[in-house]
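What follows is one structure encoded as structure tokens, with my remarks underneath.
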Amino acid sequence: ENIQDIYYEVDIDGRIKEISPSVKGISDLGRNELIGQPMVNLYYNKEQRDNFLKALKKDEQVNDFEIVMKGKKNLPVPCSLTAKLMLDKNGLPSEIIGSIRNITERKKVEEQRNMTLEDLTRANKELRNFAYVTSHDLKSPLRAINTIANWISKDYDDKFDDDGKQQMKLLIGRTERMHQLIEGLFLYSNVTGKEQLNKVNVTELLGSMIESLNLPLHISITIGDSLPNVIYNKTRLSQIFSSLIENSLKFSLNPQTAIVINCFDKKDEWIFSVADNGPGIAEKYHEKIFQIFQTLQTRDEIETAGVGLAVVKKITEMNNGRVWVESEENAGSKFFFTIPQKRAVKE
């Protein structure tokens, strides 16, 4: 009498033997009026009712079967049915017992969620289109400006004083920076998280990457022993390591730059670390550095788009991971990112 779900019993002829008073929550008819009446009177859609009965006959029970019931003033009410087909001592169907749950609010939430997902999908598509158009339409005039600026700088070098030469250098540098920003925007917007996952041998991946860098003697990159094989998109994992390594190299002021890459097994996830002996990062900037187009040094000192770490964060989080940094000024930096250990993969 007190449960919110509607409990019911129906005989083999489809007539209601018992039904809880809570049926008044969705129907104009009460318990006393419904007992003895055909259960079919409560269904809004006969086809859905037939599908429900077919599922029940097949498995002898159903759980959370969505169906539309006939509500007040014959209006449709989305419901979820849980039911079991009861058998007599001879193994023949004797009755159906089950419950009906009003899922109107749940359907509203699902509908709102679907609308939000559609809006988000549309917005992401527009962003990617914008980034694509921007990267293609702006690159050409930027290259032209850069080329002309270089010509002027060389052809009229003897006519510029020191201040003029410095201004031309800044002009050329800023066209190159704009090119980096456009490339970075396109790269960032192109990370969708829908790439195919594969088994990746991290040791082999890093070995190939480091070999291709042709590092000078004063820079060393050490890889820890027994790095695991992980389930990831190989291209995206390469981007993560590449961005973290390039970040350490770009900002290193140490005459002997040392980078160490390790991995730790922590229950359900792998924790990778990329540590360096660079200048370090004050704690107040630990969040800022992962935001797109954010840099801690003026771009006239170090030309950078401020996209690399933002891409690392986006890729990691889209793969159900986390990323963070541990660092202090003048004490080096240690970047961490995680990869779930158990993931589905297509062989």
- P(r), alpha carbons of the chain - 20 Å bins starting at zero, rounded %: 22, 33, 24, 17, 4, 0
- Hypothetical label at R113: residues of region 172-203 whose amide nitrogen lies under 19 Å (7 Å Cα-Cβ projection): none
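Using the per-residue mean of other Cβ atoms lying within 10 Å as a proxy for protection, in what order, highest first, do the peptides 5-18, 163-176 fall? Walk me through the numbers before you get to the answer.
Values: 5-18: 16.4, 163-176: 14.2.
Packing order, densest peptide first, comes out as 5-18, 163-176.
R15 to A123: FRET efficiency via 1/(1 + (r/R0)^6), r the Cβ-Cβ distance, R0 45 Å, to the nearest 0.05?
0.30
Rounding to the nearest 20 debye, state how big the charge dipole of region 241-289 is about its Cα centre with +1 on each Lys and Arg Cβ and -1 on each Asp and Glu Cβ. Spell out each step's value before the answer.
Numbers: 5 positive and 7 negative charges, 30 e Å.
Magnitude of the dipole: close to 140 debye.
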- Message: Can you order the peptides 196-205, 139-148 by their average number of other Cβ atoms within 10 Å per residue, highest first?
- Response: 196-205, 139-148
- Using a 10 angstrom cutoff on alpha carbons, build the Gaussian network for the chain and name the most mobile of V274, V40, V230. V40
- Among beta bridges that DSSP assigns inside the chain, antiparallel share in %, nearest 5: 90 percent
- Note on the structure: Rounded to the nearest 500, the 222 nm mean residue ellipticity computed for the chain from DSSP H runs (n ≥ 4, each -39500 (n - 2.57)) alone is -14000 deg cm²/dmol
- Proximal charge balance of M168 [Cβ under 12 Å; K/R count +1, D/E count -1]: 0
- Message: Given a 10 angstrom Cα cut-off, can you work out which residue in L117, L213, L227 is the most mobile in a GNM of the chain?
- Response: L213
- Message: Using only the Cα atoms of region 1-120, what semi-axes does the equivalent ellipsoid have when each is the square root of 5 times a gyration tensor eigenvalue? Give whole Å, largest first.
- Response: 27, 18, 12
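For region 178-296, compute Rh as the Kirkwood radius over C-alpha pairs and then the Stokes-Einstein diffusion coefficient at 25 °C and 0.890 mPa s; write the answer in µm²/s, rounded to an integer.
Numbers: Rh = 16.1 Å.
Reported coefficient: 152 µm²/s.
Full extension from N214 to L138: what is 0.36 nm times the residue separation minus their Cα-Cα distance, to one decimal in nm?
Details: separation 76, 0.36 × 76 = 27.36 nm, distance 3.21 nm.
Length gained between N214 and L138: 24.2 nm.
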- What are the ³J(HN,Hα) values, in whole Hz, obtained from phi via the Karplus relation 6.51 cos²θ - 1.76 cosθ + 1.60 with θ = phi - 60°, for each residue of region 51-59 in sequence order, with x given for Gly and Pro? 5, 4, 5, 5, 5, 5, 5, 6, 10
- Query: What residues of region 170-184 lie in the reach of a label at K154, counting those whose backbone N is under 16 Å from a point 7 Å from the Cα along Cα→Cβ?
  - Reply: 172-173
- Query: So which lysines can K159 reach, going by Cα to Cα under 20 Å and dropping same-chain residues fewer than 8 places off?
  - Reply: K169
- Query: Along the Cα-to-Cβ line of R106, 7 Å from the Cα, sits a label point; which residues in region 67-98 have backbone N less than 18 Å from it?
  - Reply: 67-71, 76-84, 98
- Item | Rg in Å to one decimal, and Dmax rounded to a whole Å, for region 126-226 via C-alpha atoms | 20.5, 61
- Task: Determine the alpha carbon to alpha carbon distance for each of K108/K266; K234/K266; K108/K342; K54/K342; K125/K334 and list only those over 30 Å.
- Result: K108/K266; K108/K342; K54/K342; K125/K334
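What's the FRET efficiency of N63 with R343 using the Cβ-Cβ distance as r and R₀ = 22 Å, to the nearest 0.05?
0.20
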- HN-Hα couplings for region 158-175 via Karplus (6.51, -1.76, 1.60; θ = phi - 60°), in whole Hz with x for Gly/Pro, come out as 6, 9, 8, 7, 4, 5, x, 4, 5, 5, 5, 4, 5, 4, 5, x, 6, 5
- Query: Over region 1-67, what number does the Rg to Rh ratio reach, with both radii from the alpha-carbon atoms and Rh per Kirkwood?
  - Reply: 0.95
- Query: Say we join alpha carbon atoms closer than 10 Å with springs in a Gaussian network model of the chain; which of G224, G207, G36 then has the biggest fluctuation?
  - Reply: G36
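Where a number appears in this text, it was derived from the coordinates with a stated rule and is not lab data. Please read these numbers as outputs of a predicted model, since none were measured by experiment. No Cβ is skipped: glycine too gets one built from the backbone with ideal geometry, and neighbour counts run over all protein chains shown.
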